[in-house]
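J.: Have a look at this one.
The values are calculated or read from the model by the stated rules, or taken from the named source; none is laboratory data. No experiment lies behind these values; they were computed from the predicted model shown. Please note: Cβ atoms are built from the backbone with ideal geometry, for glycine as well, and neighbour counts cover all protein chains shown.
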Amino acid sequence: EVGTYRPADQIYLEITDLDQNEDSRVAERISGRWDRPTDNPWFRDSSPIWGETTNVLGDFLGGQFANTDIRPGKVFIFNPRTGRVQAVDLMETGTDTGVFRSTTGITVADLGAAAREDDMIVAFYQDPSNHHDIAIKTIRVKAADPVDPQVSFDRNTYEVGDQATITVTDPTYSGVAEIMGDDALVLRDADGTRVKDWDRIPSANADQFAVTFEIPAGYAEGTWTVEYVDPVDPTRTDDDSAQVGPDVLPIEDVIGIDIDPQFVSADGAEFSLITEPEGAIADRFTIMVYDLTGRKVAEFGDTDTRTLTWYGDNLRSTAYIYVAVVEDDGNVWTLRGPVYIKR
């Protein structure tokens with residue numbers, strides 16, 4: 001079909017060639033490559049219209065592209081800018097039709113065409129029986145509808161040695177096997193040092209692409225950032241951050257809870273774990289607050305933390321009882337104590 005295509009669209013070919021309707025009783029197939037066995041997988045026939053390599057398409061396109069010395073088959077899709085060529089097999093739409101369609105689609109921005117905005121994509125057909133009977137169609141690649149990409153870590157905090165997954169959501173590349181481009185994804189540590197980069201981001205599903213890796217040692221701890229840059233349109237970017245700390249040993253014991261300041265006010269108070277070893281981080285830390293009648297009036301918590309902040313939830317100034325539940329490495333600790341609100 002003729003027209004403009006977005007990078008995530010798929011290309012299909014339809015060719016009408018009544019000469020190739022050689023047997024009206026069956027739906028026939030035209031291979032994208034030449035059929036007779038030779039040492040060259042592209043040239044399985046003695047006399048295509050060109051030799052081992054050719055610049056015929058370069059001449060057809062006005063000589064404006066450098067990458068036109070290719071080894072094509074008889075049915076293929078071609079990107080003159082990159083020199084990338086993809087053979088296409090055709091199948092007759094039914095018995096005795098003479099109309100042939102491609103058996104699979106080729107995603108514009110995928111490996112076959114490797115196309116970018118404003119690229120010209122050429123479809124070429126050479127009659128397998130009459131090699132001087134050819135057809136050429138061109139399409140133009142246009143930008144996809146603008147949608148902001150998103151990149152995200154799968155967790156807020158990591159320790160050295162943890163498995164981490166970074167996911168890119170970019171509908172522009174929906175249906176593509178992978179996003180390709182230099183430094184499409186770059187990970188930096190708290191000092192800005194490059195930790196890892198990816199030139200290929202494999203598809204996870206639909207419009208999501210993901211990479212998984214192990215948090216390496218030897219880099220600055222603190223806030224690590226990842227940036228995604230669209231390889232086709234560098235103005236489309238997004239970034240995310242996560243906290244990376246050292247490899248922390250499991251909690252051996254929870255000795256108590258420190259509340260600072262002593263009274264909860266509008267500025268809040270911080271509940272901190274006192275543990276062995278010191279500074280250990282819990283898998284989950286939850287606090288429930290009860291009034292003196294035993295009624296639960298508040299509950300708050302978080303994962304991968306040793307501190308929680310509470311602002312009193314607009315409760316009146318008086319004494320309350322807190323119950324803290326600490327979970328780590330399959331162990332559970334429960335602690336109780338008084339907490340006071342003073343407005």
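J.: For the range 213-235, which positions are over 13 Å from Asp189 (Cα atoms) and either without any contact (Cβ under 8 Å) to a residue 60 or more places away in the chain or surrounded by fewer than 17 Cβ atoms within 10 Å (Cβ to Cβ) (or both)?
T.: Across the range 213-235, the qualifying residues are Phe213, Glu214, Val229, Pro231, Asp233, Pro234, Thr235.
J.: If you don't mind, there's one more thing I want to ask. I'm told Lys296 meets every condition in (1) surrounded by fewer than 12 Cβ atoms within 10 Å (Cβ to Cβ); (2) under 12 Å from Ala324 (Cα atoms); (3) of a type in the set (D, E, K, R) except one. Can you identify the failing condition by its number?
T.: (2)
J.: On to the next question. Would you point out the residue of the range 164-184, among those that are hydrophobic (A, V, I, L, M, F, W, C) and closer than 25 Å to Gln10 by Cα, that is modelled with the lowest pLDDT?
T.: The qualifying residue modelled with the lowest pLDDT is Val176.
J.: Here is a follow-up. Only one of these conditions is not met by Ile136: (1) among the hydrophobic types (A, V, I, L, M, F, W, C); (2) modelled with pLDDT of 90 or more; (3) surrounded by fewer than 19 Cβ atoms within 10 Å (Cβ to Cβ); (4) closer than 30 Å to Ile77 by Cα. Which number is it?
T.: Among (1) among the hydrophobic types (A, V, I, L, M, F, W, C); (2) modelled with pLDDT of 90 or more; (3) surrounded by fewer than 19 Cβ atoms within 10 Å (Cβ to Cβ); (4) closer than 30 Å to Ile77 by Cα, the lone unmet condition for Ile136 is (2).
Quick grid of which residues meet (1) at pLDDT below 85; (2) part of a loop (DSSP other than H, G, I, E, B); (3) more than 24 Å from Ser129 (Cβ to Cβ); (4) in contact with a Ser or Thr (Cβ under 9 Å, 6 or more places away or on another chain):
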| position | (1), (2), (3), (4) |
| --- | --- |
| Ser24 | no, yes, no, yes |
| Ala27 | no, yes, no, yes |
| Gly32 | yes, yes, no, yes |
| Ser46 | yes, yes, no, yes |
| Asn67 | yes, yes, yes, yes |
| Phe100 | no, no, no, yes |
| Ala109 | yes, yes, yes, yes |
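J.: Oh, and also: Read through the list (1) among the polar types (S, T, N, Q); (2) under 29 Å from Tyr219 (Cβ atoms); (3) in a loop (DSSP other than H, G, I, E, B), then give the number of the only condition that Thr303 fails.
T.: Answer for Thr303: the failing condition is (3).
J.: Taking the stated definitions as given, is Asp283 surrounded by 14 or more Cβ atoms within 10 Å (Cβ to Cβ) and not aliphatic (A, V, I, L, M)?
T.: Details: surrounded by 14 or more Cβ atoms within 10 Å (Cβ to Cβ): yes; not aliphatic (A, V, I, L, M): yes.
So Asp283 passes the test.
J.: List, please: which pairs have Cβ atoms under 7 Å, are six or more places apart or on different chains, and start with a residue in the range 302-326 that is on the phi > 0 side of the Ramachandran plot and end with one that is in a loop (DSSP other than H, G, I, E, B) and crowded, with 18+ Cβ neighbours inside 10 Å?
T.: Sorted first by the residue in the range 302-326, then by its partner, the pairs are Asp304/Ile281.
J.: Related question: Being without any contact (Cβ under 8 Å) to a residue 24 or more places away in the chain and either outside any strand (DSSP E or B) or surrounded by 14 or more Cβ atoms within 10 Å (Cβ to Cβ) (or both) is the filter here; which residues of the range 150-195 pass it?
T.: Asp154, Gly192
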